[in-house]
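Encoded as structure tokens, the structure appears first; notes follow it.
The values are calculated or read from the model by the stated rules, or taken from the named source; none is laboratory data. Not measured: the values here are computed from a predicted model. In this analysis, Cβ positions are derived from the backbone assuming ideal geometry, glycine residues included, and neighbour counts consider all displayed protein chains.
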Amino acid sequence: MTDEKNYYLGTHDAEIRRLGLQHRVWRPHVLDAWRRAGITTGSTVIDAGAGPGYASLDLAEIVEEPGKVVALERSDRFLQSLTTAAKARGLGNIEPRSCDLVTDEITQTNVDAIWIRWVFAFLSDPIAVLEKLSNAIRPGGVFVIHEYMDWGTLNWTPGHPALTDFVNVTIREWRGSGGEPDIAVQLLPMLSKVGLRLKETRPIIHAVRPSNYVWRWPATFIPNHARDLAKSGVVTDAWATDVIKALEAAEANGDTVMTTPLVMEIIAEKI
Ligand SMILES: C[S@@+](CC[C@H](N)C(=O)[O-])C[C@H]1O[C@@H](n2cnc3c(N)ncnc32)[C@H](O)[C@@H]1O
């Protein structure tokens, strides 16, 4: 059963737009990772926890028919958004499938590749899902993962106490919701235990000023999330306003440098 409320960050239109911006910021890294991993024309790829499917759409264009993308996602709203976008782009090789990665069986077998990004961090049983997904890959196939290694590297120079507090509260609440932001730390030692051989790791972190497009990524997340935290009663409206004002102040100083949350790229091969 789909529960739209269960995803910590929500499935509302603002989150669909934010995931789009996030994908555009990350697209160069993603395309590069897929190419190094060997995803190409004719591949069958699972996009696990596809969200509204921004990556699925790019993958579908790369693999072309008869290659295909199976987009596994729990949210009906996100699946609907992907179905509409695939139609608009004339892509017939995407299969959006309703699937709860934790409770449902993964029925696909012998796929060439699995792509997963910012999903393990929200799962109640990430290692069981890692194993289930690994079982769906053919020997020699690849598992490409982008997950956070250290969310706490999100930082500003010069600093703003309200923004530092935002980072700490977000990490605390994320863990309180049953997820683990720095999930890459747990995934890496488990790869060999679920039949995967580590091929490559690559830490990805940016240090950018407000004029850089990468700035927009956390800058879009922070006001939305501060307001959501206030709505859920975790913090006060005044706290959220202070966070938003601190971000505006950081942005108004063109020399501010923001370091982004550290993402670990993991490319592993099925044994
Ligand atoms: C931060 S979003 C990332 C979406 C997409 N991977 C991307 O990179 O744009 C996390 C996604 O994981 C999905 N998700 C969370 N728990 C899930 C579960 N148990 N089964 C399937 N999808 C899940 C959410 O619905 C959401 O689409």
Filtering the stretch 114-147 for residues that are closer than 21 Å to residue 53 by Cβ and under 17 Å from the mean Cα position of the chain (by Cα) leaves a count of 17
Margin query: When you scan the stretch 88-110, do you find a residue that is surrounded by 15 or more Cβ atoms within 10 Å (Cβ to Cβ), within 17 Å of the chain's Cα centre (by Cα) and more than 11 Å from the ligand (Cβ to nearest atom), even just one?
Written below: no
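Here is a yes/no grid of residues against (1) out of contact with any strand residue (DSSP E or B) (no Cβ under 8 Å at 6 or more places or on another chain); (2) on the phi > 0 side of the Ramachandran plot:
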position	(1), (2)
65	yes, no
70	no, no
87	yes, no
94	no, no
97	no, no
110	no, yes
121	no, no
124	yes, no
Hey, any hits in the stretch 162-169 for a residue that's exposed (fewer than 14 other Cβ atoms within 10 Å of the Cβ) and in contact with a Ser or Thr (Cβ under 7 Å, 6 or more places away or on another chain)?
no
Cβ pairs under 6 Å, 6+ apart or interchain, first in the stretch 43-60 and farther than 15 Å from residue 26 by Cα and among the acidic types (Asp, Glu), second at pLDDT 95 or above and more than 7 Å from the ligand (Cβ to nearest atom), ordered by first then second residue, are 47/56; 47/69; 47/71; 47/115
In the stretch 116-139, anything under 27 Å from residue 174 (Cβ atoms) and assigned to a strand (DSSP E or B) is listed as 116, 117
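Pull up the stretch 38-60, narrow it to residues that are more than 16 Å from the ligand (Cβ to nearest atom) and on the phi < 0 side of the Ramachandran plot, then point me to the one that is surrounded by the most Cβ atoms within 10 Å (Cβ to Cβ). Give the steps one after another, and end with the answer.
Our first condition is that a residue be more than 16 Å from the ligand (Cβ to nearest atom); within the stretch 38-60, this holds for 38, 40-44.
With the extra rule that they be on the phi < 0 side of the Ramachandran plot, the set shrinks to 40-41, 43-44.
Details: 40: 14, 41: 10, 43: 21, 44: 19.
Among them, the one singled out is 43.
Condition (residue is hydroxyl-bearing (Ser, Thr, Tyr) and at pLDDT below 95) applied to the stretch 121-132: is it met by at least one residue?
Going residue by residue through the stretch 121-132, those that are hydroxyl-bearing (Ser, Thr, Tyr) are 124.
Then keep just the ones that are at pLDDT below 95; that gives 124.
Yes, the stretch 121-132 contains at least one residue that is hydroxyl-bearing (Ser, Thr, Tyr) and at pLDDT below 95.
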Note: among 77, 97, 24, 89, just one is among the charged types (D, E, K, R) and in contact with a Phe, Trp or Tyr (Cβ under 9 Å, 6 or more places away or on another chain), namely 24
message: Tell me yes or no: at least one residue of the stretch 182-191 is surrounded by fewer than 19 Cβ atoms within 10 Å (Cβ to Cβ) and at pLDDT below 95.
response: no
